[in-house]
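S.K.: Have a look at the structure that comes next, please.
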Amino acid sequence: MTIKTMVRMMIFFIACLPALSWAEKREFSMTIDEVSIEVAPGFINKVFAFNGQVPGPLIHVREGDDVTVHVTNNTTLPHTIHWHGINQIGSWQNDGVPDVTQEAIKPGESFTYQFNADRPGTLWYHCHVNVWEHVATRGMWGPLIVDPKKPSALEKKVTKDVIMMMSTWESPYANSYGKGGSPQDVPDFFSVNGRSFPNTQPVRVKKGDVVRFRMIGAGDEVHEMHLHGHDQLVAFKDGYPLPMPYFDDTSPVGPGERYDTIVNMNNPGRFIFHDHVDKHMTNNGATLGGPVTIIEYDGIPMESWYAWKAKVYDPNFFYSESMKQGYGIFNNPAFMGRPVENARRRK
Ligand SMILES: [Cu+2]
């Protein structure tokens, strides 16, 4: 081998390094547990919870990563996980649809999903068994964020991620596993990240921040998400970058849909960000409730009449802190439920 050939090989090897580093292996474990969460003050709902929490843990990976997730079902009913947005190229048996791609994971059993994060964007995961109950009213969903190999100039400007998963609840069935969610049933509580106002949290920003709101329709109704005081640049739909991003002030987020908006925080003050469907702004008819947050700028005084003047602030309610931690799986203690006595555990 000549020195020239060796130099060529070294150059080729060095050129390949970035590509090699893209395909990381990520291996996670999740349980599904029976717990109860307080959605709104006084309204407790029994859920099937990924790692005991609603929303489920944040899974944050990079485009091209090989992902393995071991799932153990500690509940009394069967479940699966569908990785919504992953195309499962050559791995269709991991798509999580019961009786189509796998047998549902029975109580006490485990299943391992293996797939490639084949496309970037705001994705999510959810159970695919009795979706109308397990997803629409039992909290079986969580965020799956896949960073692109090559972020756009717009994405690079973002200083804060805010993940908002909107969903619905049916209080008559709150304590009855196996019931609820049929088309004739009427949702009466509405939430963002599993909580209704005032159990939700503010989004704290400073002037100059660029916030990426990642809105995910995890429930069974369309949420018309309206941000006051700012232009929302709608830049991604279902994780795909839009060829021509557009401005709006109200984004319709239907079941399964995702909209990412980029907002320049350039208007110091305090602004509500809420669902514009009137009934969604109630907790079982009582206003004010539902999927509501408030954009709080640094330096704005908390007057005595401000609804959240005494709020204990959780900076990670929208996974903003976890999103800064790099790749991995991120639980959030604030989303943990309380264990409920379950039939499997009693045996
Ligand atoms: Cu399920």
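S.K.: Do we have residue 117 as away from the ligand (no atom under 16 Å from the Cβ), at pLDDT 95 or above, of a type in the set (A, V, I, L, M, F, W, C) and open to solvent by 50 Å² or more (accessible area, probe 1.4 Å) here?
M.R.: no
Here is a yes/no grid of residues against (1) more than 18 Å from residue 47 (Cβ to Cβ); (2) at pLDDT 95 or above; (3) within 16 Å of the ligand (Cβ to nearest atom):
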position	(1), (2), (3)
86	yes, yes, no
98	yes, yes, yes
111	yes, yes, yes
142	no, yes, yes
147	yes, yes, no
152	yes, yes, no
173	no, yes, yes
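S.K.: Let me ask another. Do any residues in the range 95-119 that are assigned to a strand (DSSP E or B) have Cβ atoms under 6 Å from those of residues that are open to solvent by 30 Å² or more (accessible area, probe 1.4 Å) and hydroxyl-bearing (Ser, Thr, Tyr), where the two are at least six apart or on different chains, and which pairs are they?
M.R.: 110/72
S.K.: Would you say residue 90 is in the same structural domain as residue 341 (by TED's automatic domain parsing), surrounded by fewer than 14 Cβ atoms within 10 Å (Cβ to Cβ), more than 18 Å from residue 341 (Cα to Cα) and without any contact (Cβ under 8 Å) to a residue 60 or more places away in the chain?
M.R.: When the stated conditions are applied, residue 90 passes them.
S.K.: What pairs come up if the first residue lies in the range 208-220 and is closer than 20 Å to residue 268 by Cβ, the second is part of a strand (DSSP E or B) and polar (S, T, N, Q), and their beta carbons are under 7 Å apart, counting only those six or more places apart or on different chains?
M.R.: 210/264; 213/261
Conditions (1) within 16 Å of the ligand (Cβ to nearest atom); (2) among the hydroxyl-bearing types (Ser, Thr, Tyr); (3) in contact with a Lys or Arg (Cβ under 7 Å, 6 or more places away or on another chain); (4) modelled with pLDDT of 95 or more, marked per residue:
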site	(1), (2), (3), (4)
136	yes, no, no, no
158	no, no, yes, yes
196	no, yes, no, yes
227	no, no, no, yes
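S.K.: Would it be correct to say that residue 200 is modelled with pLDDT of 95 or more, within 23 Å of residue 254 (Cα to Cα) and in a strand (DSSP E or B)?
M.R.: So residue 200 fails the test.
The values are calculated or read from the model by the stated rules, or taken from the named source; none is laboratory data. In this text, all values refer to a predicted model and were calculated from it rather than measured experimentally. Using ideal geometry, Cβ is built from the backbone for each residue, glycine included, and neighbour counts are taken over all protein chains shown. These accessible areas exclude ligands, DNA and RNA; they are computed on the full protein's heavy atoms, side chains included. Shrake-Rupley method; radii C 1.70, N 1.55, O 1.52, S 1.80 Å.
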